[in-house]
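So the structure is just underneath, and the comments pick up after that.
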Amino acid sequence: MLNMLDILGTIAGNVLSLPGILGLALGMMTRNLLVAAILGGLVGVAEPFIFAGFDASKVETIDLVIAIAVGVVAGCIGRAIRVKGATV
Amino acid sequence: MARSTNDEKQPGFIRRIWNAFWSPSGVLSLGFLIIAGFLAGILFWGGFHWALEETNNEEFCISCHTMSKNFDEYTETVHYNNHSGVRATCPDCHVPHEWQHKVKAKIMASKDLFHEIIGTIDTDEKYEEHRLHMASLVWEKMKKSDSRECRNCHAFEYMDFTIQETRAAKDHQLAIDEGKTCIDCHQGIAHGLPAGYLEEYRSIIEALESGEGVELQKSSLLDMGPATEALKSFLNGKTE
């Protein structure tokens, strides 16, 4: 149960942090799904390092994986918003 | 104008809302939408942050009955009462300052509400039974984060060893040399220590160093006797 909460907490933290918000914003800048996913993923890669003070030894694999996944999903959602809500 | 739409089925309320939401605005300028969105964002984010901070103070923490015992223990420590009047309240030690980690801590704290409701530690006996397990969870977290919350106030870099007690100065120098973290020596700094805490802490360190998952002390909070049985039977009843 605690591990599940740990994972849920990490996901929520990422959704409300750079991967979720900046990933969504970057995704909204393109109509290309791959570009949106890559932009979101890059934010997901950068975020754990930023919060770890750019010390790779303090970045846990699971945190990095979740951040990238959230970034990619946010980027794709941002792209969907762009396609649905804009004519340009 | 012919009213051919009479024969067509009108979209439902939710569909009309959805269509309106995704339709271009015919009456509002782009500038208006940007400014309004910006203001709405400030209001939402400010409100969200304010609500989060409302759950991040000592009054909120001790509003639960189950927090009374560990709060009483904390009031007898130097973090509550000292010569300078500087205090470390519950969130100072238990809630990270960094946004990402703070949100994670808040999500994980939902389990505390669950245990408050079912009364896992609502008596002194139950509290003592679970004390080692609860302490283990905090120690593991602090060890993994290099005592991040302690270091919000304490830093080796700014310690003047010449005005510390000889033993403290020596141990702090040793901690720097050996790369130790605060919680390695300061378990029980704000709450009582359970029996067998040293063995438990050693097992946490060994598990973390070996890269395996930490097998915490067996009085798991998931094993709550009658409460667990009641919950299981409730869930079984739902699924059957």
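The values are calculated or read from the model by the stated rules, or taken from the named source; none is laboratory data. Everything numeric in this text was worked out from a predicted model, so none of it was measured. Glycine also receives a Cβ, built like all others from the backbone with ideal geometry; neighbour counts cover every protein chain displayed. To get the accessible areas, we keep the full protein, side chains included, count just its heavy atoms, and leave off ligands, DNA and RNA. Shrake-Rupley method; radii C 1.70, N 1.55, O 1.52, S 1.80 Å.
Structural size metrics of the range B:33-218, computed from C-alpha coordinates, are Rg and Dmax of 19.1, 65 Å.
As a fraction of the 1.4 Å probe accessible area of the protein assembly as shown, surface on carbon and sulfur atoms comes out at 64 percent. On the beta carbon distance between B:E116 and B:E8, with R0 = 41 Å, the FRET formula returns roughly 0.15. If you sort B:F38, B:F71 by accessible surface, 1.4 Å probe, largest first, the order is B:F38, B:F71. Here the sum of -39500 (n - 2.57) over DSSP H runs of 4 or more residues, divided by the residues of chain B, equals -17500 deg cm²/dmol at 222 nm, to the nearest 500. Among B:T162, A:T10, the order of accessible area from largest down is B:T162, A:T10, computed with a 1.4 Å probe on protein heavy atoms. In the range B:99-115, burial by the other protein chains removes 10 Å² or more of accessible area from B:W99, B:Q100, B:H101, B:V103, B:K104, B:I107, B:M108, B:S110, B:K111, B:F114, compared with the chain on its own (1.4 Å probe, ligands and nucleic acids ignored). Based on DSSP H runs of at least 4 residues, each adding -39500 (n - 2.57), what is the mean residue ellipticity at 222 nm of chain A after dividing by all its residues, to the nearest 500 deg cm²/dmol? It comes out at -26000 deg cm²/dmol, rounded to the nearest 500. No solvent, one uniform scatterer per C-alpha: report log10 I(q)/I(0) for the protein assembly as shown via the Debye equation at q = 0.07, 0.09, 0.10 1/Å, two decimals. The Debye formula, applied to the Cα set alone, gives -0.43, -0.67, -0.79. Computed about its Cα centre, the charge dipole of chain A is approximately 540 debye, with only Lys, Arg, Asp and Glu carrying charge at their Cβ. Taking B:E157, B:E73, B:E200 as the candidate residues, the one with maximal mean-square fluctuation in a Gaussian network model of chain B, Cα springs under 10 Å, is B:E157. Based on alpha-carbon centroids, what's the gap between the range B:6-29 and the range A:33-56 in Å, whole number please? Spelled out, the Cα-based centre of one part sits 37 Å from the other. Normalising the Debye intensity of the range B:50-103 to I(0), with uniform scatterers on Cα atoms only, and taking log10 at q = 0.19, 0.29 Å⁻¹ returns -0.73, -1.18. For the listed residue pairs B:K126/B:K180; A:K58/A:K84; B:K69/B:K141; A:K84/B:K141; A:K84/B:K106; B:K69/B:K104, the alpha carbons are over 31 angstrom apart in B:K126/B:K180; A:K58/A:K84; A:K84/B:K141; A:K84/B:K106.
Rounded to the nearest 20, the size of the Cβ-charge dipole of chain B about its Cα centre is 1400 debye, with Lys and Arg at +1 and Asp and Glu at -1. Taking the centroid of alpha carbons for each part, the range A:66-86 and the range B:39-60 are 26 Å apart. Of A:V83, A:V88, the order by accessible heavy-atom surface (1.4 Å probe, DNA, RNA and ligands excluded), from most exposed downward, is A:V88, A:V83.
As a length-normalised measure over Cα pairs under 8 Å and 6 or more apart, the relative contact order of chain B settles at 19 percent. Reported to two decimal places, what Rg/Rh ratio describes the range A:2-85 when computed on Cα atoms with Rh from the Kirkwood expression? Rounded to two decimals, Rg/Rh equals 1.03. Overall, the protein assembly as shown carries a charge dipole of about 2240 debye about its Cα centre when +1 sits on the Cβ of Lys and Arg and -1 on the Cβ of Asp and Glu, all other atoms neutral.
Ordering B:W45, B:N57, B:S136 by the projection of their Cα atoms onto the charge dipole of the range B:33-218, which places +1 on the Cβ of Lys and Arg and -1 on the Cβ of Asp and Glu, puts B:W45 at the extreme positive end.
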